[in-house]
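Working notes for the structure below.
The values are calculated or read from the model by the stated rules, or taken from the named source; none is laboratory data. Quantities reported herein were computed from a predicted structural model and do not represent experimental measurements. Positions of Cβ are generated from backbone atoms using ideal geometry, with glycine treated the same way; all protein chains shown enter the neighbour counts.
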């Protein structure tokens, strides 16, 4: 989770009807923290928006087609053709889309010079094998260490930015919201001018908001999704002799060494790399399911704002919020969280549409939504993933230096539930100079004897006179009713 105080949704800031955003198929971005979704270039041609399916895909193919021709013309590293290709492979982060893994803001770093140098050297090796498919630059992310989801998304955003601006021109007219004239100057020297809304959360200088179509977004670009690619590879192995059992094994391991092996295999012949491209294209990526929100990216953001007014009614009226008062508020937060999960069927938000538990981060974000509402009502500092110097604790709630309380959230499926209590939380408490911590375990299955062991360890420590953190168990099992909130 990110370190920020309040999720500010585009729809709320500009008073936009959510139904209208749905109709236009536009992402409702959070303006002060990135949404962990990415533009996948392989989705462009399948988009329902002509600015993407026709304009952006054509721009993408022309851009990388030019790079391929330059690399073919290059005789050695550093010559004129090489440098021209290198300029076209610099992809600074485009501020404004509010996408990616940015921790504390909506700004990332884009691709650096060192990563670009490695990238272009590998690309030239591939081109010399006779490969001229523009998607080779996406396929490289399967084995290049410095090419992850952010890089693919930044790469695509840079290349198709004029088409994204065309999309914004159309949808902003329909949304009828205030815009300003913005000049977007990229670090690679390119610049674009457009009428766009201004992000109020960035104070340093006026920064535009660039709306993105939902149907080109995924939680991981297909070229970073080894699981999805691996399934296609396994199917192809039955009828493509070039795809060996060794390649299937590489996908199963998904390690740094496996990436090196995949790179070695793919660069052996042009035929091998063509097979890799066939596998990538055969995967047929689907855009993120915004209706069921399988990764829990969106639910907590809406919940945080909706709870504030309700929580304000339960405000504790104390003149001085010392450690005892902060502890009391944290207990109210945990109780409200338990009530929502166990009694209001918010346990449904802990599971994907397939019935599998969502990642632990989803539960942490739901907790944040509740904690944020309480902390705003009581003017308390809430720090998700507070850096203690020994790694991040999930939450720190504080009033001044002395009033600090830590909260750690774990799913029962986590195989580090025991160590998280005996080592992790206690280490965090020491680093934060507080004796108060809460360890919240949500039972979504695979609990086994973990609850018994945890309580046993707590009782043993208490018997020795040690100060122990409270353990709270919450039932996150799905209720018999099929209704969902």
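For this structure, a couple of remarks:
- Members of region 48-67 found to be part of a helix (DSSP H, G or I), surrounded by fewer than 21 Cβ atoms within 10 Å (Cβ to Cβ) and in contact (Cβ under 8 Å) with a residue 24 or more places away in the chain, listed by number: 55, 59, 61, 63, 65
- In region 178-190, the residues that are out of contact with any helix residue (DSSP H, G or I) (no Cβ under 9 Å at 6 or more places or on another chain) and under 22 Å from residue 52 (Cβ atoms): 182
- Residue in region 388-407 that is at pLDDT below 80, assigned by TED's automatic domain parsing to the domain that holds residue 462 and part of a strand (DSSP E or B) present: yes
- Residue in region 341-358 that is part of a loop (DSSP other than H, G, I, E, B), crowded, with 20+ Cβ neighbours inside 10 Å and at pLDDT 70 or above present: yes
- Inspection of region 419-437 finds a residue satisfying the criterion of being in the same structural domain as residue 397 (by TED's automatic domain parsing), in contact (Cβ under 8 Å) with a residue 12 or more places away in the chain, assigned to a strand (DSSP E or B) and surrounded by 14 or more Cβ atoms within 10 Å (Cβ to Cβ).
- Complete set of residues in region 125-175 that are closer than 15 Å to residue 267 by Cα and not in a helix (DSSP H, G or I): 128, 129, 130, 131, 132, 133, 143, 144
- Among the residues of region 449-467, the one identified as assigned to a loop (DSSP other than H, G, I, E, B) and either touching a residue at least 12 places away in the same chain (Cβ under 8 Å) or touching a strand residue (DSSP E or B) at 6+ places or on another chain (Cβ under 9 Å) (or both) is 467.
- Some residue of region 252-273 being at pLDDT 75 or above, within 29 Å of residue 60 (Cα to Cα) and under 21 Å from the mean Cα position of the chain (by Cα): no
- Residue 42 vs. criteria farther than 14 Å from residue 202 by Cα and modelled with pLDDT of 85 or more: yes
- When region 68-97 is filtered for residues that are assigned to a helix (DSSP H, G or I) and either without any contact (Cβ under 8 Å) to a residue 24 or more places away in the chain or not assigned by TED's automatic domain parsing to the domain that holds residue 183 (or both), the ones remaining, listed by number, are 69, 70, 73, 80, 81, 83, 84.
- When residue 399 is tested against (1) within 27 Å of the chain's Cα centre (by Cα); (2) surrounded by 20 or more Cβ atoms within 10 Å (Cβ to Cβ), exactly one condition is not met: (1).
- Just one residue in the set 44, 31, 27 is over 30 Å from residue 394 (Cβ atoms), crowded, with 16+ Cβ neighbours inside 10 Å and touching a helix residue (DSSP H, G or I) at 6+ places or on another chain (Cβ under 7 Å); that residue is 44.
- Considering residues of region 92-122 that are at pLDDT 85 or above and crowded, with 18+ Cβ neighbours inside 10 Å only, the residue nearest to residue 297 (Cα to Cα): 99
- Only residues that are part of a helix (DSSP H, G or I) and surrounded by fewer than 22 Cβ atoms within 10 Å (Cβ to Cβ) were counted in region 363-381, giving 2.
- Hits in region 320-330 (condition: touching a residue at least 12 places away in the same chain (Cβ under 8 Å) and assigned to a helix (DSSP H, G or I)): 323, 325, 326, 327, 328, 329, 330
- Odd one out for residue 218, checked against (1) surrounded by fewer than 19 Cβ atoms within 10 Å (Cβ to Cβ); (2) modelled with pLDDT of 65 or more; (3) touching a strand residue (DSSP E or B) at 6+ places or on another chain (Cβ under 9 Å): (1)
- Residues that are modelled with pLDDT under 85, closer than 12 Å to residue 370 by Cβ and crowded, with 16+ Cβ neighbours inside 10 Å, drawn from region 309-340: 311
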